[in-house]
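No value in this document is a laboratory result; all are computed from the given coordinates. A quick note: this is a predicted structure, and the numbers were derived from the prediction, not measured. No Cβ is skipped: glycine too gets one built from the backbone with ideal geometry, and neighbour counts run over all protein chains shown.
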Amino acid sequence: MPAPRTILLTGAAGGLGTLMRGLLPAYGYELRLFDVTPIEGEPTAITADLADREALREAVRGVDAIIHLAGISLESSFDKILRANIEGTYNLYEAARAEGVGRIVFASSNHAVGYTPSPEGELPLDSGALIPIDTPRRPDTYYGLSKCFGEDLAQLYWDKFGQETVSVRIGSCFMEPTSVRMLSVWMSPGDGARLFHAALTAEDVRHTVVYGSSANTRLWWDLTSARALGYEPQDDSEQYAEKLIAEQGELDPADPAQSHLGGPFLTDPPIWPY
Ligand code: NAI
Ligand code: 15L
């Protein structure tokens, strides 16, 4: 496979999109930006909704690969999730198929498996057991359910059309972890860029599902499938542990919102910060 160069970045106006706009060009990528929200200072960005199938056809035309971040990124009503995340992701895959774009990196989420007990909640602390990538799906929200749909859509498009996807079940990708839970699931922006680069360039990924996090001391899940793509995380949240634990205390195993992967997404409404 020739190295991809031109990448469509959907959701480019969002938090993760903004971080990746800053980091991915250093890997040699030329980014084409897409978001329903206009992006200041980016006159060539495409401002359109994922519901606009014609705009999507035009947006994907001629790119080597797509990083699909656009969508609702928290819990919402089923109708809104249906339109943006489920129909929107289908529209994107159809446009990519029609225009022959062979590789998509899909921003899935830990909330596809959010009802999975954390290893600390379930297993002896010293067991070293990590949650495997093939753990049964247990979405914690309609949002998490939409990520399960995206992963299954990706599998269908590989099996039926030979279109490749890496589904990245992202933990929490922010500048710094802001909660004790995030010490386990944090992905530094630098590691996020490293993982997306690996997902764009690895050979024969078919449909691969990976967890997206840094090499955290308190890691909850198994990064083997991510490392198999060539991902080598460089960061560890542990430098933030002392301060966060002093402020918030250790996770309470008796509180479901602290003892499951999805954290506050298990409560209704979610309790922030997470
Ligand atoms: P965000 O909410 O900051 O950005 C999402 C972007 O998508 C926004 O700019 C929004 O305008 C755009 N968007 C929403 N609906 C759209 C539509 N119908 N058409 C076109 N654009 C639309 O979210 P963030 O944090 O940047 O996350 C990006 C992606 O990564 C999301 O899919 C999210 O579910 C996923 N993710 C992010 C995590 C994180 O830690 N930041 C963790 C797990 C998953
Ligand atoms: C997600 O899926 C969200 O998009 C992000 O905003 C965070 O809430 C993250 O999960 C998390 O679990 O911390």
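Data table
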read-out: First in region 147-173 and within 14 Å of I86 (Cα to Cα) and in contact (Cβ under 8 Å) with a residue 60 or more places away in the chain, second anywhere and more than 16 Å from ligand 1 (Cβ to nearest atom) and of a type outside the set (V, I, T), Cβ under 7 Å, 6 or more apart; value: A154/H207
read-out: Unmet criterion (only one of (1) buried (at least 20 other Cβ atoms within 10 Å of the Cβ); (2) under 17 Å from the mean Cα position of the chain (by Cα)) for L251; value: (2)
read-out: Flag for D134 being closer than 22 Å to M1 by Cβ and charged (D, E, K, R); value: no
read-out: When residues of region 9-52 are limited to those that are acidic (D, E) and surrounded by fewer than 18 Cβ atoms within 10 Å (Cβ to Cβ), the one nearest to ligand 2 (Cβ to nearest atom); value: D49
read-out: Any hit, region 234-251, residues being among the small types (G, A, S), without any contact (Cβ under 8 Å) to a residue 40 or more places away in the chain and over 26 Å from Y143 (Cα atoms); value: yes
read-out: Top-ranked residue of region 59-76 - restricted to ones that are surrounded by fewer than 19 Cβ atoms within 10 Å (Cβ to Cβ) and hydrophobic (A, V, I, L, M, F, W, C), ranked as nearest to ligand 2 (Cβ to nearest atom); value: L74
read-out: Candidate set from region 167-193 (those that are touching a Pro at 6+ places or on another chain (Cβ under 7 Å) and buried (at least 21 other Cβ atoms within 10 Å of the Cβ)); member that is nearest to Y231 (Cα to Cα); value: D191
read-out: Residue that is farthest from ligand 2 (Cβ to nearest atom) [pool: residues in region 88-118 that are of a type in the set (S, T, Y) and buried (at least 23 other Cβ atoms within 10 Å of the Cβ)]; value: Y93
read-out: Conditions (1) crowded, with 23+ Cβ neighbours inside 10 Å; (2) more than 12 Å from ligand 1 (Cβ to nearest atom): number failed by N85; value: (2)
read-out: Conditions (1) crowded, with 17+ Cβ neighbours inside 10 Å; (2) assigned to a loop (DSSP other than H, G, I, E, B): number failed by L56; value: (2)
read-out: Hits in region 157-186 (condition: away from ligand 1 (no atom under 12 Å from the Cβ) and in a helix (DSSP H, G or I)); value: Y157, W158, D159, K160, F161, L183, S184
